[in-house]
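The block underneath contains the structure these notes are about, expressed in structure tokens.
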Amino acid sequence: MTENSKDSLFDRLGGAESLTIMVKEMYESVLRDEELAPFFANTPMERLHHMQFQFLASALDGPAGYTGAELTSVHAGRGITGQHFAKFCGHFAETLERHGASPQDVDEVLGRLALYKDKITGDANVDG
Ligand code: HEM
């Protein structure tokens, strides 16, 4: 077993402390992106950071305990396309890279996020 295979993806990304910072920075990038920022115009960002941390911790094999809403209902009716989804994931990938995540771990994270694409793009996924 290599060093890498002992730890969960969550651990390899630096655990809770690191994921907290990366979620915050990811949304800073999202809000600087003029295509994505309008989606969050009325969103309480502090709650979102918290919920996204919980969601990602669980999705990346860290501690379970997501207490937010079901992803389909949260994103439905917002007009989120596959292209928006890809840009959003791109901001997270860049944030991970900046924090020194390995290319393999970044790929693995993107693979995990892709599992949620249909829930998030919902009725708008014809566009992308
Ligand atoms: C893998 C990608 C994504 C994941 C895992 C994700 C996950 C989440 C989670 C966990 C929440 C919090 C739910 C709650 O408050 O109970 C949330 C809220 C939200 N998401 Fe996403 N999301 C993703 C992509 C996107 C994209 C691409 C957009 C738009 C471009 C988006 C727009 C929003 C908005 C606007 C809210 C806040 C709704 C409100 O104001 O309460 N999300 N998302």
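The values are calculated or read from the model by the stated rules, or taken from the named source; none is laboratory data. All figures in this text were calculated on a predicted structure; none of them were measured in a lab. FYI the Cβ positions are ideal-geometry reconstructions off the backbone, even for glycines, and counts take in every protein chain you see. Areas reflect the complete protein model, heavy atoms only, side chains present, ligands, DNA and RNA absent. Shrake-Rupley method; radii C 1.70, N 1.55, O 1.52, S 1.80 Å.
Side notes on the structure shown:
- Count of segment 51-73 residues which are within 14 Å of the chain's Cα centre (by Cα) and part of a helix (DSSP H, G or I): 10
- Filtering segment 54-95 to residues that are within 20 Å of residue 28 (Cα to Cα) and more than 8 Å from the ligand (Cβ to nearest atom) leaves 57, 83, 86, 90, 91, 93, 94, 95.
- Check on residue 91, in a helix (DSSP H, G or I) and within 21 Å of residue 13 (Cβ to Cβ): yes
- The residue that is farthest from residue 20 (Cα to Cα), among those in segment 91-109 that are free of Cβ contacts under 8 Å to residues at least 24 places away in the same chain and open to solvent by less than 30 Å² (accessible area, probe 1.4 Å), is 106.
- Residue list for segment 1-20, filter: part of a loop (DSSP other than H, G, I, E, B), modelled with pLDDT under 90 and not β-branched (Val, Ile, Thr): 1
- The listed residue being without any contact (Cβ under 8 Å) to a residue 40 or more places away in the chain and acidic (Asp, Glu), out of 7, 11, 61: 7
- Selected residue (criterion: nearest to residue 103 (Cα to Cα)) from residues of segment 21-55 that are among the polar types (S, T, N, Q) and surrounded by 17 or more Cβ atoms within 10 Å (Cβ to Cβ): 29
- All of (1) surrounded by 15 or more Cβ atoms within 10 Å (Cβ to Cβ); (2) touching a helix residue (DSSP H, G or I) at 6+ places or on another chain (Cβ under 7 Å); (3) at pLDDT below 95 hold for residue 85 with one exception: (3).
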